[in-house]
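Visitor: Here it is: the structure, laid out below.
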Amino acid sequence: MKKLTVGSMKGNTIRDLITFPSLKNKPSIKDMNIKRIMKIEQNQSSYQLEVKKDQTILDAALEQGVPLDYKCQKGTCGRCKVKIVNGSALLQPANHLEKTKLQHLLQQEFRLACQTKAK
């Protein structure tokens with residue numbers, strides 16, 4: 001009687017028996033569900049909140065019960081202006097509306113909560 005080994009079995013090689021994880025389907029660091037915790041200030045009050053990827057600061061604040069002052073939610077009134085104390089690296093670049101409304105205040109870490117989204 002002939003003994004069969006893994007290498008002698010028809011159609012089966014070591015490569016067939018071992019599964020290699022696909023590197024193509026691994027999420028990048030940008031896509032991973034990491035916590036984006038930031039600290040903001042508005043009207044002499046400080047707040048800490050977690051913002052999900054592509055979520056605006058205003059949506060995150062409302063979801064978490066943070067009482068931010070806001071009105072139009074379109075980026076035109078400027079009422080939702082907040083200062084980013086911690087976490088500005090977690091945010092997408094300012095859009096056209098923010099650049100138009102805030103101008104030089106962007107350099108001082110001010111953003112519009114209704115327009116600013118997390119990376």
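The values are calculated or read from the model by the stated rules, or taken from the named source; none is laboratory data. Quantities reported herein were computed from a predicted structural model and do not represent experimental measurements. We place every Cβ from the backbone using ideal geometry, glycine too, and count neighbours over all the protein chains shown.
Visitor: Would you mind telling me which numbered condition in (1) at pLDDT below 95; (2) surrounded by 15 or more Cβ atoms within 10 Å (Cβ to Cβ); (3) not acidic (Asp, Glu) Arg111 fails?
Guide: All conditions are met except number (1).
Visitor: Could you please give the count of residues in region 62-94 that are in a loop (DSSP other than H, G, I, E, B), surrounded by 15 or more Cβ atoms within 10 Å (Cβ to Cβ) and of a type outside the set (Gly, Ala, Ser)?
Guide: 6
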